[in-house]
Amino acid sequence: MKKRLLQFFNKIEPKKGSFAHTLYDGFFTFAFTPNHTTKGGVHIRDGMDLKRTMVYVVLALQLCYLLGTYNIGHQHFVALGQHTALLDGFHLKLIYGLIQVLPIFVVTHVVGLGIEFYYAYKKGHGIEEGFLVSGALIPLIMPPDIPLWMLAVAVAFAVWIGKEAFGGTGMNILNVALLARVFVFFAYPTYISGDEVWVSGLESTLAGSAADYGWIHLNLFNPLFEGWGWSTFNAASTVVDGYTGATPLSLAFQGGWENVTNTYTTSQMLWGTIPGSIGETSKPLILFGAVFLIITGIASWRIMFSMLLGAVVMSLLLNAWGATPFMEVPWYYQFYMGSFFFAMAFMATDPVTASSTNLGKWLYGFLIGFIGMIIRVLNPAYPEGWMLAILFMNVFAPLIDHYVLESNMKKRVKRAKARAAAQA
Amino acid sequence: MGEFFNIFIKAAFIENLVLAYFLGMCSYLAVSKTVKTAFGLGLAVIFVLGITMPINWLIQEYLLSETGVFGTDLTFLRFILFIAVIASMVQLVEMVVEKFSPALYNALGIFLPLITVNCAILGGSLFMVSREYNFSESVAFGLGGGFGWFLAIIAIAAIREKIRYSNVPPALRGLGMAFILTGLMGIAFMSLLGIDPAAFGN
């Protein structure tokens, strides 16, 4: 099988230097590790190259994708008051979720990879699949109803200005996925904040407003499901009374923890069957991915741990202050809400934009946790702080590294001098 | 004390002179090639802002306003007097730097005297007038604004040191990249926009 594939690849190899060859090379190195050897000097080459590393991150995200997809459907039907138990109407929820997620996924990749492929050809280097990770992350941090053109503009901005301008994969200063989200966040704020956008396929979240189905739901899948005798999408269904669509964070902002638990149970928040961005809701599945990344040595446990520490310290301080109901939310409940774990596991640990020294990682993570909690609780303009806190610290990561290195150098020079003096 | 602290935080992070108002861009872009010189210039700006702001406040209050010693509205002299104060303070800084750190003096070159026309400095003084700060608030605003400027310039200097090894497209090398970076940093600094330290009544 492997041999066949290799033979096939060898047979279709296009002329070197053409755009087709760049494309070919990208797919070839995706399937096989290239057998380049280093000339001159002694180097150890590992099979675990950039592409394999990227794929591990994508693998770690798969569970979030599964639950995220299903959860879109689940939230949609909960709002309509149908199939409210988690596993009821399984096929409907899954199909509904897929219809939402797949176009987002495809548009992200077509736009992002398109730009990436073009530049790889233009600059004459191999395709660096740096975008695979960003492309896997971007759909997970978008609201399910995001208009596709908006997504395309955001991805193009992030890849172009955030990455290619800096020289491509591994050179960017700000996290590409977060840059795409922050672009939507500041350019089209009504599509990515508020209580309306986290549940998909409703005209609005007011009671009595209609569900919004397209041709695909009604004319493609409904006849199919009917043929099998399963339940179908009901175009006449409306939003139930008393439904808000608010996320736990916005509830907490209005009335503290009690206000949250009136609407959601802690186990719902833990497992992530709540409205939110597509992939950020389920804590255990994210932690599973995080553990996977730590074991494979791709993500830094120092950043994760210190970020947790920073967030705990800040929420304890806020507890002590206690000027608003949100500040009084006990620190351990803060972690049930919002996207802390997703940001911690997949965003802050991005090895390109984080600090690269060990001491720097501790500082970097701690400050993200600290500032993120400040933004979440104290800033009425933004519902959640991690995206902005991470971008903020991305800006300072090189500076942290610079001073960590300087102080190391100073220490070493001093030690060397002391030794020289002792020998003399 | 609380008020002092609020204005400091606000000026340093939330309404950063460089990244929110884009003031003082010329020396910010020109001297941010290495962290070392950026650090020196940043300190100089903190000092000049922190000193000129209260002096300008005194001038505004006791010489230029109608309630001052001359008893007439002399605010049309504001610009020229503010600039004169700033210029003399910069002269002072220049002499100090030349005396104590000739290396830094040479590295900063023309940009040290050019702090005089750094818009962040005059802009700070004019903000102080239009926002009607009192004396202690103007001190806080001067120090906070200077600190924000300092942070911004050393952050971009560290980034520019880092991207020296990146494969930046030739057309963007140097200033082009610095502008893009400043914009992206501005986005990152927007994270704190909207926090009103006074709203929590400490």
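The values are calculated or read from the model by the stated rules, or taken from the named source; none is laboratory data. Model, not experiment: these values are computed from the prediction. Glycine gets a Cβ as well: all are built from the backbone with ideal geometry, and neighbour counts include every protein chain shown. Areas reflect the complete protein model, heavy atoms only, side chains present, ligands, DNA and RNA absent. Shrake-Rupley method; radii C 1.70, N 1.55, O 1.52, S 1.80 Å.
Going 7 Å from the Cα of A:Leu50 toward and past its Cβ, which residues in the stretch B:156-185 have a backbone nitrogen under 11 Å from where you end up? Output list for this probe position: B:167. Per-residue extension of 0.36 nm, minus the Cα-Cα distance of A:Glu203 and A:Ala187, leaves a gain of 3.5 nm for this segment. Taking a ≥ b ≥ c as the square roots of the eigenvalues of the alpha carbon gyration tensor, the protein assembly as shown is oblate, as a/c is not under 1.5 and a/b does not beat b/c.
One decimal place: the segment A:Trp331-A:Val110 gains 75.4 nm when fully extended, by the rule 0.36 nm per residue minus the C-alpha distance.
For the protein assembly as shown, what is the accessible area per residue in Å² when the probe is 1.4 Å?
On a per-residue basis, 45 Å².
Note on the protein assembly as shown: dipole from Cβ charges, positive end direction compared against A:Gly126, A:Asn394, B:Ile159; the farthest Cα belongs to A:Gly126.
Got a sec? Which residues of the stretch A:148-193 lose 30 Å² or more of accessible surface with every protein chain in place, vs. that chain alone, 1.4 Å probe? Flagged in the stretch A:148-193: A:Ile161, A:Ala165, A:Phe166, A:Met171, A:Ile173, A:Leu174, A:Phe186.
Output the residues of the stretch B:155-186 meeting this criterion: accessible area (heavy atoms, 1.4 Å probe) in the chain alone minus accessible area with all protein chains in place is 50 Å² or greater. At a threshold of 50 Å² (probe 1.4 Å), the residues of the stretch B:155-186 that become less exposed are B:Ile159, B:Lys162, B:Asn167, B:Leu184.
Listed by chain and number, the lysines whose alpha-carbon sits under 26 Å from that of B:Lys99, ignoring those within fewer than 8 places in the same chain, are A:Lys410, B:Lys33, B:Lys36.
Charge tally around A:Ile141: other residues with Cβ under 10 Å, Lys/Arg +1 each, Asp/Glu -1 each, net 0. Per the 1.4 Å probe, what fraction of the accessible area of the protein assembly as shown, in percent, lies on carbon and sulfur atoms? Solvent-exposed carbon and sulfur of the protein assembly as shown make up 67 percent of the total. Applying 1/(1 + (r/R0)^6) with r as the Cβ-Cβ distance of A:Tyr118 and A:Ala420 and R0 = 35 angstrom yields a FRET efficiency of 0.05. Inter-label distance, A:Asn219 to A:Lys39: 6.1 nm, where each label sits 7 Å from its Cα along the C-beta direction. For the stretch A:287-424, the relative contact order comes to 27 percent (Cα pairs under 8 Å, sequence separation of at least 6). Per the Debye formula on identical point scatterers at the alpha carbon atoms of the stretch B:102-202, with no solvent, log10 I(q)/I(0) at q = 0.18, 0.20 Å⁻¹ is -1.14, -1.26. I'd like the FRET efficiency for A:Leu287 and B:Ala171, computed as 1/(1 + (r/R0)^6) with the beta carbon distance as r and R0 of 45 Å, rounded to 0.05. Given R0 = 45 Å and the Cβ-Cβ separation, E is 0.50.
Solvent exposure of A:Glu406, expressed as accessible area, is near 80 Å², computed with a probe of 1.4 Å over the protein chains only. Here the label points at A:Thr265 and A:Leu316, each 7 Å from Cα along the C-beta direction, are separated by 3.2 nm in the simple model.
Between chain B and chain A, the total buried accessible area stands at approximately 2800 Å², from heavy atoms with a 1.4 Å probe. Net length available on complete extension from A:Thr296 to A:Ala235 is 17.3 nm, with 0.36 nm assigned per residue and the Cα-Cα distance removed. Look at the dipole of the protein assembly as shown built from charges on Cβ: of A:Tyr382, A:Leu61, A:Val352, the Cα furthest out on the positive end belongs to A:Val352. Rounded if a/c is under 1.5, else prolate if a/b is larger than b/c, else oblate: which is chain B, with a ≥ b ≥ c the root eigenvalues of its Cα gyration tensor? Oblate is the answer for chain B, as a/c is 1.5 or above yet b/c matches or exceeds a/b. Mind running the shape call on the stretch A:198-357? Use the C-alpha gyration tensor, a ≥ b ≥ c as the square roots of the eigenvalues: rounded below 1.5 for a/c, prolate if a/b tops b/c, oblate otherwise. It comes out oblate by the Cα gyration axes. Over all distinct Cα-Cα pairs of the stretch A:74-135, the Kirkwood formula returns a hydrodynamic radius of 14.1 Å. Across the stretch A:18-28, computed HN-Hα scalar couplings (Karplus, 6.51 cos²θ - 1.76 cosθ + 1.60, θ = phi - 60°) run 8, 4, 4, 5, 4, 4, 4, 4, x, 6, 5 Hz from first to last residue, x flagging Gly and Pro.
Report the FRET efficiency, 1/(1 + (r/R0)^6), for A:Ala31 and B:Leu126, where r is their Cβ-Cβ distance and R0 is 45 Å, rounded to 0.05.
Calculated transfer efficiency: 0.10.
Cα extents for the stretch B:113-157 along the principal axes, largest to smallest and rounded to whole angstrom: 34, 19, 15. Of the DSSP H helices in chain B, those with a Cα length along their own long axis of 30 Å or more and a mean Kyte-Doolittle hydropathy reaching -1.0 comprise B:35-59, B:78-100, B:135-162.
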